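Here is the structure we will look at.
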Amino acid sequence: MAGEFTHLPHDVRPIAALDAEARIAHIRAERWVQHAAAERVLGYLHEALGQPPRERMENILLVGESGMGKTMLVRKFERQTAVAFDDRAGVQRRPVVVMLMPHQPTEARFFDQLLMALNAPSAGYFMRGFPLQEPAVRLLRELGTRVVVVDELNSLLAGTPRQQRAFLQLLRFLSNELRLAFIGVGVPEARHALLSDGQLRSRFTDIELPPWSLGEDLRDFVTRMSWSLPLREPSPVDSPKLRRLLVDRTGGITLGICKAFERAAIKAIHDGREKIDLASFEDSEIWRGVATPSRTARGYHRSTMTRLSA
């Protein structure tokens, strides 16, 4: 039966042959949808990984509104760069490590978060006040880490000016000491987090993940989104009217677009239509909780990713 669903990619066809409950579970699960805009950003991240070790490493600041899929992108980058267990050395190399910026930007909490990202037992040491910098630096060397991704970098702004300056000096020290690159990830305000350290800011190149606007990138994303849904009939979603509706109703935010598509697909299964089209999005229930963000007039509506010189 899976061979009948030729409108779907090969890996989705077997899922389309499952019962309604299994297909709905697949739709609701988190999954990666490959598309042209994401490919460009991943290319920039791989460039950061590929640079040779040197004293002045080039870093990246990846910014975008909440819900644009920044975390999924860096997690995909981490999976793409994973390597097999090194039997000879007896360690699992970690070229890329993704960590979460602590809400309190102190050195101790930063290294605690970093050690957790490295799957090292850190909490007990942190609670008892043990220094964490030395074991964290040693582990990064042993694991061959070349890039550290700091997600939610904008949390740095919650600290005092003194804490912010001290934290940025720490990043600069680690970059110089270990000759690794940093990728900071956050909302557009994350740019302000780096301004108090001019030397460090000059080492960061900005990459923007802007809200979707009408253009080929959105057309590609919508098409590939429909291919990821295990519906048994082809979905005619290549419609300028549909793309305009998606942008108008979601402000171009990826999360809102995905929610609308997933709800429309689930309804199509329940109704037995087995496809989604422009009419599918006329149901007000599709848009429940999907509000147009207030930031859409702030100038982030560009159809392509932009790489700016720092």
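The values are calculated or read from the model by the stated rules, or taken from the named source; none is laboratory data. What you see is a predicted model, and the numbers here were worked out from it, not measured in a lab. Cβ placement follows ideal geometry from the backbone for every residue including glycine, while neighbour counts extend to all protein chains displayed.
Summary table below
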quantity	calculated
Only listed residue being outside the structural domain of residue 103 (by TED's automatic domain parsing) and crowded, with 20+ Cβ neighbours inside 10 Å, chosen from 168, 246	246
Selected residue [aromatic (Phe, Trp, Tyr), in contact with a strand residue (DSSP E or B) (Cβ under 6 Å, 6 or more places away or on another chain) and under 27 Å from residue 68 (Cα atoms)] from 167, 110, 182	182
Residue check for residue 159: modelled with pLDDT of 90 or more and surrounded by 15 or more Cβ atoms within 10 Å (Cβ to Cβ)	no
Selection status of residue 75, outside any loop (DSSP other than H, G, I, E, B) and within 23 Å of residue 261 (Cα to Cα)	yes
Number of the exception - residue 94 against (1) surrounded by fewer than 20 Cβ atoms within 10 Å (Cβ to Cβ); (2) out of contact with any helix residue (DSSP H, G or I) (no Cβ under 8 Å at 6 or more places or on another chain)	(1)
Residue 25 assigned to a helix (DSSP H, G or I) and surrounded by 19 or more Cβ atoms within 10 Å (Cβ to Cβ)	no
Residue, farthest from residue 21 (Cα to Cα), within region 199-247, restricted to residues that are in contact with a strand residue (DSSP E or B) (Cβ under 8 Å, 6 or more places away or on another chain) and acidic (Asp, Glu)	206
Selection from region 128-155 of residues that are in contact with a Leu (Cβ under 8 Å, 6 or more places away or on another chain) and either on the phi > 0 side of the Ramachandran plot or part of a helix (DSSP H, G or I) (or both)	135, 136, 137, 139, 140, 141, 152, 153
Residue in region 230-238 that is under 30 Å from residue 185 (Cα atoms) and in contact with a Lys or Arg (Cβ under 7 Å, 6 or more places away or on another chain) present	no
Residue among 82, 17, 22 that is over 30 Å from residue 199 (Cα atoms), without any contact (Cβ under 8 Å) to a residue 40 or more places away in the chain, small (Gly, Ala, Ser) and touching a strand residue (DSSP E or B) at 6+ places or on another chain (Cβ under 9 Å)	82
Which listed residue is in contact (Cβ under 8 Å) with a residue 60 or more places away in the chain and either more than 30 Å from residue 142 (Cα to Cα) or not β-branched (Val, Ile, Thr) (or both), from 270, 192	270
Test: residue in region 74-85 that is over 23 Å from residue 39 (Cβ atoms) and in the same structural domain as residue 193 (by TED's automatic domain parsing)	yes
Output for region 1-22, where each listed residue is outside any helix (DSSP H, G or I) and charged (D, E, K, R)	11, 19
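Each row is one residue, and each column tells you yes or no for (1) in contact (Cβ under 8 Å) with a residue 60 or more places away in the chain; (2) more than 20 Å from residue 12 (Cβ to Cβ); (3) surrounded by 20 or more Cβ atoms within 10 Å (Cβ to Cβ).
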| residue | (1), (2), (3) |
| --- | --- |
| 198 | no, yes, no |
| 207 | yes, yes, yes |
| 213 | yes, yes, no |
| 221 | yes, no, yes |
| 225 | yes, no, yes |
| 233 | yes, no, no |
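Residues are listed down the side, and each one gets a yes or a no for (1) assigned to a helix (DSSP H, G or I); (2) under 20 Å from the mean Cα position of the chain (by Cα); (3) in contact (Cβ under 8 Å) with a residue 40 or more places away in the chain:
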| site | (1), (2), (3) |
| --- | --- |
| 168 | yes, no, no |
| 171 | yes, no, no |
| 229 | no, no, yes |
| 246 | yes, no, no |
| 252 | no, yes, yes |
| 262 | yes, yes, yes |
